[in-house]
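The values are calculated or read from the model by the stated rules, or taken from the named source; none is laboratory data. Quantities reported herein were computed from a predicted structural model and do not represent experimental measurements. Don't worry about glycine lacking a Cβ; one is built from the backbone with ideal geometry, like all the others, and counts go over all protein chains shown.
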Amino acid sequence: MNWLLRFLPKEQRALLELGMRIMSSLDDSKERKAAVAYGIEMLKDGKVTVAEWAQFGKHIGIFKGPK
């Protein structure tokens, strides 16, 4: 997959790498699916509230602390 990333523009490559790192930090596929589903739902209207960001942070494990 890394060789494919070289063909993407720098900004899209960085965004994809960030997403892959976030998803790899989650423990199982159930957590990953829930985080992705929430993120997609959160962005549907094009606006994200502070409460939605906080909820998304919970989904991606920001508030869990180090392992």
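Being out of contact with any strand residue (DSSP E or B) (no Cβ under 9 Å at 6 or more places or on another chain), surrounded by fewer than 10 Cβ atoms within 10 Å (Cβ to Cβ) and part of a helix (DSSP H, G or I) is a property that residue 7 lacks. Surrounded by fewer than 12 Cβ atoms within 10 Å (Cβ to Cβ) and either among the basic types (Lys, Arg) or at pLDDT 90 or above (or both), is that true of residue 57? Taking the combined requirement at face value, the residue does not satisfy it.
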